[in-house]
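Beneath this line is the structure, given in structure tokens, with notes to follow.
We did not get these values from a lab; they are worked out from the coordinates using the rules stated. This one's a predicted model, so the numbers in the text were calculated from it and none came from an experiment. Note that each Cβ is placed from the backbone with ideal geometry, even for glycine, and that neighbours are counted across all protein chains shown.
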Amino acid sequence: MPNWQEFRKLLEQQKNVVIVPHHRPDPDCLGSALALAHLLETFGCNATVVQPQATPPGYLFLDPESKMRVIDEEGMSEFCAAADCIVLVDTSAWAQLGAMREHVEKFEKLRVVVDHHEVGDADLEAEFFTDSKIPATAELVAGAYTTLEVPLTEQVATWLYAGIVTDSGWFRFPAVTAETYRTTALLVLAGASPPQVYKELHEQEPISRLHLMGAILSRIKSLQNGRIAYTYLDWDDFERLGSHPSESEDLINILLTADTVEVAVLLVGLKAGGYKASFRSQCTMNCAQLAKKFDGGGHAKAAGATLHTNRDEAIAQVMAQTEKDWKEKA
């Protein structure tokens, strides 16, 4: 567990703090970022979560008061320049910052990372408050609240609960420990509602997401007698089906429901070109090590990377390396 007393000592000296989620943020990233902003405000900081793009529609319930600010390219440059500190949340990899990378690279003051991923970039030149043994950054942030004896409000508890349950796969991933359950219990006691969070995340599906599922299912191919399964979505699919890219989140898990599949790969087309590759493993193959070969990162069981090439080439590169790593897993 990070030294949260040192975290407080470091951050309470910063007047203006910019909190940066990773590109295409998920509930763990967004919930952790919002909870960190609240925590820093108790230190006396002016803390703002900023994004270059709007919050995905399916996650708007996390930010009913629009605390996260969407700032355009020109405004972002000025906003970051006026900050005393930038805090990166749920990532320590340049490739995961998307449009924010340039602003973070130019920032010459204090950088801080709060993250739970195994693989990051050593040249970030930041102060790291991380733990790769836990299933979610939200569990890490919840630990900061507990250690620093900052009260959990109902809203903060909801942010952190949503982060833990989604990144832990609703408690089914191997990184989940008894401490994860203890932390979650504290969040429920503080006001987080498991039925409501589940409803917001899984029972408000737009028809367009169901169409995305159909596209993914129709394109599944397999290797090694069904041990490896992969599929893809093109950027055109989002436009054709009237869906939002965030609606593809976690659809890779559909592949893992097949009885033979040990490794799943989903490639998703990006608006600017190229493909995001997501990896999942139910065997000893390490997804983080695989993703790192494409300048990505993540966990042993779940990771991702971005390839700046066309679909056919992306599939060829990714699946050749995936098959190679799978064969060497033992």
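At a glance:
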item: Share of pairwise Cα separations in the range 208-327, more than 18 Å, in percent; result: 46
item: Dipole moment magnitude, nearest 20 debye, the range 208-327 about Cα centre, only Lys, Arg, Asp, Glu C-beta charged; result: 280
item: Convex hull projection area averaged over all views, the chain, Cα basis, nm²; result: 16.0
item: Antiparallel %, DSSP beta bridges [both residues in the range 208-327], to 5; result: 75
item: Length added when fully stretched, Arg69-Glu179, from 0.36 nm per residue minus Cα-Cα; result: 36.3 nm
item: Extension reserve of the Gln53-Asp236 stretch, reckoned as 0.36 nm per residue once the Cα distance is removed; result: 64.0 nm
item: On Cα atoms only, tilt of 27-42 relative to the major axis of the chain in degrees; result: 10
item: Highest-MSF residue in the chain out of Ser77, Ser208, Ser66 [GNM, Cα springs under 10 Å]; result: Ser66
item: Computed over the range 4-201, Kirkwood Rh from alpha-carbon pairs, angstrom; result: 16.6
item: Partners for Lys276 among lysines (Cα-Cα distance below 26 Å; same-chain residues under 8 apart left out); result: Lys106, Lys133, Lys221, Lys292, Lys293, Lys301, Lys324, Lys327, Lys329
item: Using alpha-carbon coordinates, inclination of helix 137-147 to the longest axis of the chain, degrees; result: 20
item: Descending semi-axes in Å of the range 107-201, equivalent ellipsoid built from Cα gyration tensor; result: 25, 16, 12
item: Residue-averaged [θ]222 nm for the chain, counting only DSSP H segments that reach four residues, each worth -39500 (n - 2.57); result: -11500 deg cm²/dmol
item: Phi-based couplings in Hz for the range 110-118 (Karplus 6.51, -1.76, 1.60; Gly and Pro marked x); result: 6, 10, 10, 10, 10, 7, 10, 7, 6
item: The chain - charge dipole about Cα centre, Lys and Arg +1 at Cβ, Asp and Glu -1, debye rounded to 20; result: 760
item: DSSP-defined antiparallel bridges as percent of all bridges, the chain, nearest 5; result: 40
item: Dipole-positive endmost among Leu34, Thr166, Val87 within the range 4-201 (Cβ charges, Cα centre); result: Thr166
item: Packing-based exposure ordering (other Cβ within 10 Å, fewest first) of Asp237, Asp84, Asp259; result: Asp259, Asp84, Asp237
item: Per-residue Cβ neighbour rank within 10 angstrom, fewest leading, Thr158, Thr153, Thr284; result: Thr284, Thr153, Thr158
item: Sorted by Cβ neighbour density within 10 Å, fewest at the top, the residues Asp250, Asp167, Asp325; result: Asp250, Asp325, Asp167
item: C-alpha long axis of helix 178-189 to longest principal axis of the chain, angle in °; result: 60
item: Residues Lys327 and Gln204, FRET efficiency given R0 of 35 Å [Cβ-Cβ distance, rounded to 0.05]; result: 0.30
item: Relative contact order of the chain, pairs being alpha-carbon contacts under 8 Å that are 6 or more residues apart, as %; result: 14
